[in-house]
Amino acid sequence: MARIIVIDDEPYILLMLKKMLEKEGHEVEMATNGVEGSELFEQNPADLIITDIVMPEKEGLETIMDLRVKNPQLKIIAISGGGRVDSREYLNSAQLLGANKTIQKPFKKDEIIQAVRELLK
């Protein structure tokens with residue numbers, strides 16, 4: 001179906017999303033921070049990016065800005081469980097910077113699947 005890159009510094013979130021999306025028929029690549037995710041995208045562009053916000057090296061807001069500037073049509077979902085501030089603030093910022101959808105952690109499988117389906121129509 002679609003090629004998706006998932007960027008998150010939590011290994012269990014990466015694996016859960018990979019399995020969930022592969023069951024839906026998608027090809028999924030994983031990255032543990034924005035630097036890795038951006039490099040994966042440069043090497044082999046994806047149809048959709050799912051990125052966490054709070055991560056080491058290159059966090060999600062910077063990743064969203066960089067990807068959006070170079071790829072205005074790219075579909076992006078931002079996810080966050082918060083950090084120094086409430087996750088809703090991070091997610092509002094992500095939307096202002098170009099995320100098509102935002103989802104608060106912890107999320108339900110249906111929330112992710114529905115968002116992916118809507119963006120890939």
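For the chain, with only Lys/Arg (+1) and Asp/Glu (-1) charged at the beta-carbon, what is the dipole magnitude about the Cα centre, in debye rounded to 20? Walk me through the numbers before you get to the answer.
Numbers: 16 positive and 21 negative charges, 100 e Å.
In debye, rounded to 20, the chain gives about 480.
Assuming 0.36 nm per residue, please report the length gained on full extension of the stretch Met20 to Glu62 beyond their Cα-Cα distance. Please report the intermediate quantities before stating the final value.
Values: separation 42, 0.36 × 42 = 15.12 nm, distance 2.60 nm.
Stretched fully, the Met20-Glu62 segment lengthens by 12.5 nm.
For the peptides 55-61, 4-10, what is the packing order when you average, over each peptide's residues, the other Cβ atoms within 10 Å and list the highest mean first? Present the calculation step by step, with values, prior to reporting the outcome.
On the way: 55-61: 18.9, 4-10: 23.3.
Highest-to-lowest ranking by the protection proxy: 4-10, 55-61.
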Gain in span if fully extended, Lys109 to Met1, counting 0.36 nm per residue against the direct Cα distance: 37.1 nm
Distance between Cα centroids, the stretch 28-43 to the stretch 51-121: provide it in whole Å. 14 Å
With a/c under 1.5 counting as rounded, go ahead and sort the chain into rounded, prolate or oblate using the C-alpha gyration tensor (a ≥ b ≥ c being the square roots of the eigenvalues; past the cut-off, prolate if a/b is larger than b/c, else oblate). rounded
Hey, if you put +1 on the Cβ of every Lys and Arg and -1 on every Asp and Glu Cβ in the chain, which of Ile79, His26, Gln114 ends up farthest toward the positive end of that dipole? Gln114
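The numbers here are math on the coordinates, done by the rules we state, and not lab data. Computed from a prediction, not measured in an experiment: that's the story for all the values here. With ideal geometry, Cβ positions are generated from the backbone for all residues, glycine too; neighbour counts draw on all protein chains shown.
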